[in-house]
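What follows is calculated from the coordinates using simple rules that are stated; it is not laboratory data. Since we're looking at a predicted model, the values are computed, not measured. Cβ: placed from backbone, ideal geometry, glycine included. Neighbour counts: every protein chain shown.
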Amino acid sequence: MKNVVLVHGAWHGAWCWERVLPLMAAAGVPTTAVDLPGHGDSTLPLKDLFGDAEHVSLHLDRLEGGVVLVGHSYGGAVITQAGTHPAVQHLVYFAAFPLKDGESAMAAATESPDIGHISHEGRPNLAAGFVAGPDDAITLDESVAAECFYGECDPVTVAGATARLGPQPAITLQQAPTEVAWRTTPSTYAVCARDLAVHPDLQRILARRCGSVVEWPTDHSPFLCRPDLVAGLLVSLAQE
């Protein structure tokens, strides 16, 4: 049985996995959700991509046995950098960024020649909700976050999640990894087909970098709207 380690995306914290953790525990799979520095309950200062990846690597150092390392959204960039850790046996990307050499999350979303055909007509613009804060940190307008992240969630869930979002250093979205774990480690990509934050067609392009792909009828946050799908996939990978 492998350990499962969950890495949240930008603006979120380990709290976002709270509906998945009981399902993993019920299946007997050892699972931890990591707060990246400055997020959730972390009292550490905010870090850049490399500081976030180092934090995950330090957590992996403390585990015994193999690991399924999971990243959501920006967390995909983190696990791409941290996933070369010798404990990692499988990478999982949820609506995430399995970045390649020299590519940032921002570049993958806006500059790749493969995305020219993608239409954003009728879709909300997540960047329109960016609010610049101190120390180059970005916060999100709650109404934009609600529409882009939690479109398939009930109102109580949406209100609870948007209230817990925190600042995200802009630099984390502009940095490219120096390690590209998916090139050497088995990987799975979960495309979220109703996502209004990361276009599903972009996800399908990025998913070509992974060894296997599943597609779900969920918004950007399947851990909240369909935790059963998330846990089902992760339990199966942990038991392989």
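Could you tell me the calculated FRET efficiency between residue 159 and residue 61, based on Cβ-Cβ distance and R0 = 35 angstrom, to the nearest 0.05?
Efficiency at R0 = 35 Å is approximately 0.40.
If amide hydrogens are placed 1.01 Å from N in the peptide plane, which non-local residues have theirs closer than 5 Å to the one on residue 197?
Result for residue 197 returns 220.
What residues qualify as long-range amide H neighbours of residue 191, i.e. H under 5 Å apart, gap of 5 or more or another chain, H built at 1.01 Å from N?
Here the answer is 214, 215, 216, since their amide H atoms fall under 5 Å of that of residue 191.
If you stretched the chain out fully between residue 119 and residue 141, how much longer would it get, using 0.36 nm times the residue separation minus the C-alpha to C-alpha distance?
5.6 nm
May I have the convex hull volume per residue, in Å³, for the Cα set of region 70-156?
Roughly 166 Å³ of hull volume per residue.
Report the net charge of residues surrounding residue 158, where surrounding means a beta-carbon distance below 13 angstrom and charges are Lys +1, Arg +1, Asp -1, Glu -1.
Net local charge, residue 158 excluded: -4.
What FRET efficiency comes out for the pair residue 128/residue 1, r = Cβ-Cβ distance, R0 = 45 Å, nearest 0.05?
With R0 = 45 Å, the Cβ-Cβ based efficiency is 0.55.
What does DSSP give for the chain in terms of the percent of beta bridges that are antiparallel, rounded to the nearest 5?
15
What's the exposure ranking of 213, 158, going from fewest to most Cβ atoms within 10 Å?
213, 158
Counting only Cα atoms, I'd like the Rg/Rh figure for the chain, Kirkwood definition for Rh.
Rg divided by Rh gives 0.93.
Give me 2, 100 ranked fewest to most by other Cβ atoms within 10 Å of their Cβ, as a rough exposure proxy.
Ranked by crowding around the Cβ, least crowded first: 100, 2.
Taking the number of other C-beta atoms within 10 Å as the exposure measure, put 149, 50, 94 in order starting with the fewest.
50, 149, 94
Taking amide hydrogens as modeled 1.01 Å from N in the peptide plane, which residues meet the under 5 Å criterion relative to residue 33, leaving out close sequence neighbours?
So residue 33 has HN proximity to 6.
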